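Engineer: I have a structure here, written as structure tokens, and I will follow up with some questions on it.
Computed from the coordinates by the stated procedures, all read-outs in this text should not be read as laboratory data. Keep in mind the model is a prediction, meaning the values are calculated, not measured. Cβ placement follows ideal geometry from the backbone for every residue including glycine, while neighbour counts extend to all protein chains displayed.
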Amino acid sequence: MHATLFLILRRMRAPLIFLILSYAIAILGMTLIPGADAQGRPAPPMDFFHAFYVVSYTATTIGFGELPVAFSEAQRAWIAFTIYLTVVVWLYSIGSILSLLQDPALLRAARANRFAGKVKRLHQPFYLIAGCGETGSLLMHALDSRNQQAVVLDIDAERIGELELGQYHLDIPALAADAALPENLIMAGLHNPHCAGVIALTNDDRANLSVAVTVKLLRPELPALCRSDALVTAANMASFGTDDVVVAFEVFGEHLAMAVNSPGHHLLYEWLTGVPGEHLIEPLEPPRGKWVVCGYGRFGKAIVHYLKQVGIELVVVEASPAETGCDNCIVGTGADARTLLEAGVEQAVGIVAGTNDDINNLSIVMTARQLNPRLFTVVRQNRHANDALFKRFQASVTMQPSRIIAHEFLSLLTTPLLSRFFSLIRGHEDAWFDELISRIAAVLENTVPEVWDVELSRNHTEALWEALRDGAPVPLHTLVSSPTDRDSDLACIPLLLKRGEIEILLPEPQTLLQLGDRILFCGERHTRNLQALCLSNFNVLSYLLTGRVIPSGKVWRWVERIGKTAPNSNAQSIPRKHA
Amino acid sequence: MNLEKVVFGFFIILAMTLNFGFVLGDIDNPAHHHVVELFFAIIVNLIATVLKFGERTQIGAIHLASSLVADLGLLSAAWVWTSAVYIEGTGLTPEITASIVSLSAGALAANVLSVLMLLVETVMFRR
């Protein structure tokens, strides 16, 4: 605020001084020049009050005429001069004030001030997102639909403009500024106590690195999550304690291997980390057998590394094997039939087109599909602009780095329990995943579920906290039964219960809750609101626990107590039918 | 020598001297206080105020504040004069004159403060 105000005041010095001087000259002149009375005889000059009055209406071109009496000729001559003097100075002053208001430096300063003010007024936890390209906007949409506040920095003013047009429920403060500069991060609320974490998503590894360093030096306790395109930068970031570095190619390789090895595991991951409200994706079922990988760059290397781990037979096709360090591969781009045939595409079950050129990748899979129509095709899409082509081609999997990074961060951000859940489910049997997926699918309406955690503490769940403190046994199924009819279940599933160091995967409905428990749920959004009712409303909770509606007023409670002391009262709690 | 500082100092000191010149004389005698002097005191004070716009230092802020106080004092004196002579029509009685002069004497105090701060600033930043 102050910076802009001072700038305006400083720039207005000259116009204001000219204005004061021109008024002074005009008024002084009018008080010196003799006037005339009604008969045209000389009269004493005007006094200051009337001179000020005449000059005021003349200078602003209002022009009331000759007041209070007709002027003498000398006064008219002076007024003619005054008009040119003051009107020109007025125009100059107004012009310079208007141009000042349109000054780009001033507008930038004003925007930065507004942004800083908005951030300062935030009274809920927020994530600071550096870079709102494709990844950033995906992540923001997902955070927004989970009602989590974000603050955005991006070096490109156009993207910030697009963001303002975007459909968000929350008001997201955004500024076009370089996130690599610490002062911009500080303005975006790095020191704000509500800042819950910093996410660096720019497409420049140096900038992401600089964000990570800034966060770890200024607020070491804050989680810093970074995207990285190169393993070297990733290692550098991890070396000074960056909490999570996501290298898109590595993550994709890992997930593709996961999809080959355990399709259920992969599907579960995709469902729980999607944007709530979007359609559920169909399960991927990449076949086992021989795969052809075209392009042995960073992406190809990651794919080969992870597919080899799950025991897939691979043939690599690479145009310049010497540069990429590929010692046992077929030389060629893969875009022509000859190299593909040489790689054995006719016997293969899958192909990965992973060069850094979109048109090449499309050409590879199109040729391959002609040679072998049953191929499972994986294409790497580098540029969002080519979206139309990739949509038309309909590969089995299109690898978009932005989506992968967004999903990965979302699983880390939304709830810490979710990432615990993912590490616990690693290594389960396919049948286990299939059963869980069918249970989740049963409570969903074909859209991505909401995932939330509940902490049994006084602040968050007052009613439940009180009941537990009084020693009432509260089984887990209380939290998943409907507040309107306790015999029907809410459409949600408890995934994980964390009690101190103990972690119970898919806890049983009969599990008795304790104070301080944290439970991870997934289900429809409206379910979450219904559940919140039972957690914080005493009457709803007691209905769920006992099956009786407790009178909420003092008088009615007293009436009921009288009734209870009477013989044969039916005050026993009704045991809940449990399926 | 810095031309900006010369102009700045000139207007601040001129504002004080003109103000002083107007206040000088018997407090209730209209013959000792001329309207043109008040006019110039007001103009020079306004210019001095504008010159102080946009200073970002603490001392700059006090400078601006004292100038605004002086403007307020002088403009109220001018208003009392105008209303007495043209609106109420009572003319410059000794009571009215005393009130005009005491208002501008208040402005003088603020102007003296400005000049003192100018001196302090000069001594602080001797270069």
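Engineer: So if I take the centroid of the Cα atoms in the stretch B:62-82 and the same for the stretch A:363-397, what is the distance between those two points in Å?
Structural biologist: Computed from Cα coordinates, the inter-centre distance equals 78 Å.
Engineer: Can you tell me how much longer the chain between A:ARG525 and A:ALA43 gets when fully stretched, taken as 0.36 nm per residue apart minus their C-alpha distance, in nm with one decimal?
Structural biologist: So the extension gain works out to 164.8 nm.
Engineer: Length gain on complete extension for the stretch A:GLU323 to A:GLU501, per 0.36 nm per residue less the alpha carbon to alpha carbon distance?
Structural biologist: Between A:GLU323 and A:GLU501, full extension yields 59.2 nm more.
Engineer: For the stretch B:45-110, take N as its residue count and report Rg(C-alpha) divided by 2.2 N^0.38 Å.
Structural biologist: Expressed relative to 2.2 N^0.38 Å, the Cα Rg reads 1.35.
Engineer: Near A:LYS308, which lysines are there with a Cα under 26 Å away, not counting those fewer than 8 places off in the same chain?
Structural biologist: Output for A:LYS308: A:LYS290.
Engineer: On to the next question. Where does the stretch A:2-101 land on the Kirkwood hydrodynamic radius, alpha-carbon pairs, in angstrom?
Structural biologist: In the stretch A:2-101 this quantity evaluates to 14.7 Å.
Engineer: Once you place label points 7 Å from the Cα toward the Cβ at A:ALA36 and A:GLU560, how far apart are they in nm?
Structural biologist: 10.0 nm
Engineer: Give the relative contact order (percent, whole number) for chain A; include only Cα pairs under 8 Å separated by 6+ residues.
Structural biologist: 8 percent.
Engineer: Normalise the Cα radius of gyration of the stretch A:449-565 by 2.2 N^0.38 Å (N = residues in it) and let me know the number.
Structural biologist: 1.11
Engineer: Taking the Kirkwood radius as the inverse of the mean 1/r across Cα pairs, report the Rg/Rh of the stretch A:45-204.
Structural biologist: We get a ratio of 1.37 for the stretch A:45-204.
Engineer: Below 8 Å between Cα atoms, with a sequence gap of 6+, how large is the relative contact order for the stretch A:250-413 in percent?
Structural biologist: Relative contact order, the stretch A:250-413: 21 percent.
Engineer: Largest first and in whole Å, give the semi-axes of the stretch B:3-125's equivalent ellipsoid, each being the square root of 5 times a Cα gyration tensor eigenvalue.
Structural biologist: 29, 13, 11
Engineer: Which of the peptides B:42-52, A:430-440, B:6-16 is most tightly packed, and how do the rest follow, going by the mean number of other Cβ atoms within 10 Å of each residue?
Structural biologist: In descending order of packing, they fall as B:42-52, B:6-16, A:430-440.
Engineer: Ok, one more. Would you calculate a helix-derived [θ] at 222 nm for chain A, using -39,500 (n - 2.57) for each DSSP H run of n ≥ 4 and dividing by the full residue count, to the nearest 500?
Structural biologist: -15500 deg cm²/dmol
Engineer: How far, in nm, would the chain grow between A:THR447 and A:GLU342 when pulled straight, counting 0.36 nm per residue and subtracting the alpha carbon separation?
Structural biologist: Here the segment from A:THR447 to A:GLU342 would lengthen by 33.4 nm.
Engineer: Where in the stretch A:410-453 does the label zone of A:GLN309 land, with the point 7 angstrom along Cα→C-beta and an amide N cut-off under 12 Å?
Structural biologist: Within reach of a label on A:GLN309: A:427.
Engineer: Now, a different point. Each label point is 7 Å from the Cα along the Cα-to-Cβ direction; what then is the distance between the points at A:GLN370 and A:LEU5, in nm?
Structural biologist: 7.1 nm
Engineer: Could you check the simple spin-label distance between A:ASP487 and A:LYS391, using points 7 Å along Cα→Cβ, in nm with one decimal?
Structural biologist: Spacing of the two 7 Å Cα→Cβ label points: 4.9 nm.
Engineer: May I ask you to derive the FRET efficiency for A:LEU21 and A:ALA77 from their Cβ-Cβ distance with R0 = 22 Å, giving the value to the nearest 0.05?
Structural biologist: 0.60
Engineer: I've got another one for you. Just the number, please: Stokes-Einstein D of the protein assembly as shown in µm²/s, Kirkwood Rh from C-alpha pairs, 4 °C, 1.567 mPa s.
Structural biologist: Reported coefficient: 39 µm²/s.
Engineer: If you take the C-alpha gyration tensor of the stretch A:360-436, multiply each eigenvalue by 5 and take the square root, what semi-axes do you get, largest first, in whole Å?
Structural biologist: One finds semi-axes of 32, 19, 8 Å for the stretch A:360-436.
Engineer: Whole-Å semi-axes of the stretch A:122-249's equivalent ellipsoid, largest first, each the root of 5 times a Cα gyration tensor eigenvalue?
Structural biologist: Each semi-axis is √(5λ); the values are 22, 16, 13 Å.
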